[in-house]
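The values are calculated or read from the model by the stated rules, or taken from the named source; none is laboratory data. In this text, all values refer to a predicted model and were calculated from it rather than measured experimentally. Glycine also receives a Cβ, built like all others from the backbone with ideal geometry; neighbour counts cover every protein chain displayed.
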Amino acid sequence: MMLLKLVPAETNLKFLKLSKICLTVSGAIAIASIIALIVLGLNFGIDFKGGTLMEIQTNSAIADISSIRKKIGGTGLDDVQIQEFGEPNEVLIRVGQQKGGEKAQQEVVKKVKEVLGSSVEFRRVEVVGPTVSGELIQSGIISVIAAIFAVLVYIWFRFEWQFSVGAVTALVHDVILTIGLFAVLQLEFNLSIIAAILTIVGYSLNDTVVVFDRVRENLRKYKKMPMIDLLDLSINHTLSRTVLTSVTTLLALVALYVFGGEVIRGFTFAMIWGVLIGTYSSVFIASPILYLLGVKRDWSGSTVAKANDKPATT
């Protein structure tokens, strides 16, 4: 068991001393992320802007991108992007929305198949019309907002409103920074990234609730301990679990990112970032917010207290 314990039991780090710096830096980065989103925008994938996506594999060992581009260029299609995808003989073809509605989108696949013929194998074909893409954008926004609101209500009922505000602030922080990163790097933003964001919300919430649960327990034990010391104690008590969970999750995600292929690379990249930022926000955002808002010492109604208010050895 000692081999699995990444953090010593006697760890006593003063996390809350860094709260002002962390909140200031995180706030500045969040504002920068919003500005990047407004100025640069997101690189929406086919899911959100509509169009056609085709993944092909050529019979030759190395795909001739220029030849494929020339053939498709002769079809008269607008907004065509062709790029290497995964293996040297794999190519990704993106065709934006064509004038003429749903019927024109279906014609795209037919035209591309005609010009490329039997020299390639079509491994994946996705066609999304303008109506569906608009609905997907709306559904994606609603799903993220609904998830954060559900967290607000859940934490409020389970703990207190101060805990709820701290948890939701951390979640909003994670979502904004994730979207900002995709805006800055101009990585493709599609439905799988929405799924990653919702997963990040759940992961970050789990970490935050673990810390808050220990805070609630320590509030019952140490009635006279200064709040800043009590929060530091609670974070240190849960630090080993937090680090172990994050490291094991990252090991799996890095393996998926390296060996999982191009199809899920965007999703796994978002998840890796989400685990890192979610762990950070649980300690350096949620807990400092709780300290700033304060919490009633006797909210639980418990009369159990330590006589000397000294933390027990863990």
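When the helices (runs of 4 or more DSSP H) confined to region 1-120 are screened for residues that are under 30 Å from residue 285 (Cα atoms) and modelled with pLDDT of 80 or more, those reaching at least 3 such residues are found at 19-40. Pairs are defined by a Cβ separation below 9 Å, a sequence spacing of at least 6 or placement on different chains, a first member in region 74-86 that is under 30 Å from residue 256 (Cα atoms), and a second member that is among the acidic types (Asp, Glu); the pairs so defined are 84/90; 85/55; 85/262; 86/55; 86/262.
Close contacts from region 107-126, counting a first residue that is of a type outside the set (S, T, N, Q) and a second that is loosely packed, with under 13 Cβ neighbours inside 10 Å and outside any helix (DSSP H, G or I), with Cβ to Cβ under 9 Å and a gap of 6+ residues or different chains, come to 107/100; 111/76; 115/74; 120/59; 121/59.
The sole residue among 87, 55 that is among the acidic types (Asp, Glu) and touching a strand residue (DSSP E or B) at 6+ places or on another chain (Cβ under 6 Å) is 55.
In region 285-314, which residues are buried (at least 17 other Cβ atoms within 10 Å of the Cβ) and at pLDDT below 85? Scanning region 285-314 gives 295, 311. Can you spot a residue in region 30-41 that is outside the structural domain of residue 193 (by TED's automatic domain parsing) and buried (at least 17 other Cβ atoms within 10 Å of the Cβ)? Looking for residues that are outside the structural domain of residue 193 (by TED's automatic domain parsing) and buried (at least 17 other Cβ atoms within 10 Å of the Cβ), one finds none in region 30-41, hence no. Being surrounded by 16 or more Cβ atoms within 10 Å (Cβ to Cβ) and within 16 Å of residue 126 (Cβ to Cβ) is the filter here; which residues of region 78-95 pass it? Answer for region 78-95, where residues must be surrounded by 16 or more Cβ atoms within 10 Å (Cβ to Cβ) and within 16 Å of residue 126 (Cβ to Cβ): 80, 82, 85, 90, 91, 92, 93, 94, 95. For region 42-70, filtering for residues that are buried (at least 18 other Cβ atoms within 10 Å of the Cβ) and without any contact (Cβ under 8 Å) to a residue 60 or more places away in the chain leaves 2.
Check whether at least one residue in region 174-191 is over 30 Å from residue 81 (Cβ atoms), crowded, with 18+ Cβ neighbours inside 10 Å and of a type outside the set (Gly, Ala, Ser), and report yes or no. Yes - at least one qualifying residue is present in region 174-191. Every listed requirement among (1) crowded, with 18+ Cβ neighbours inside 10 Å; (2) modelled with pLDDT of 80 or more; (3) in the same structural domain as residue 182 (by TED's automatic domain parsing) is met by residue 140 save one, (2). Once region 19-44 is narrowed to residues that are within 26 Å of residue 189 (Cα to Cα) and hydroxyl-bearing (Ser, Thr, Tyr), the residue that is farthest from the chain's Cα centre (by Cα) is 26.
Inside region 253-264, can you point out the residues that are part of a helix (DSSP H, G or I) and more than 17 Å from residue 277 (Cα to Cα)?
First, the residues of region 253-264 that are part of a helix (DSSP H, G or I): 253-259.
Result: 255, 256, 257, 258, 259.
The residue of region 248-284 that is surrounded by the most Cβ atoms within 10 Å (Cβ to Cβ), among those that are touching a Phe, Trp or Tyr at 6+ places or on another chain (Cβ under 8 Å) and closer than 29 Å to residue 17 by Cα, is 278.
Got a sec? Which of 171, 187, 181 is modelled with pLDDT of 85 or more, within 14 Å of the chain's Cα centre (by Cα), under 15 Å from residue 279 (Cα atoms) and of a type outside the set (D, E, K, R)?
The unique qualifying residue is 171.
Which fully enclosed helices (runs of 4 or more DSSP H) of region 125-236 have 3 or more residues being closer than 22 Å to residue 247 by Cα and hydroxyl-bearing (Ser, Thr, Tyr)? Here the list reads 191-221.
Screening 249, 242 for residues that are in the same structural domain as residue 185 (by TED's automatic domain parsing), at pLDDT 85 or above and outside any loop (DSSP other than H, G, I, E, B) leaves exactly one candidate, 249.
With respect to (1) modelled with pLDDT under 85; (2) hydroxyl-bearing (Ser, Thr, Tyr); (3) under 13 Å from the mean Cα position of the chain (by Cα), the lone exception for residue 268 is condition (1).
Taking the listed residues 244, 231, the one that is surrounded by 15 or more Cβ atoms within 10 Å (Cβ to Cβ) and either farther than 24 Å from residue 156 by Cβ or of a type in the set (A, V, I, L, M, F, W, C) (or both) is 231, with no other qualifying.
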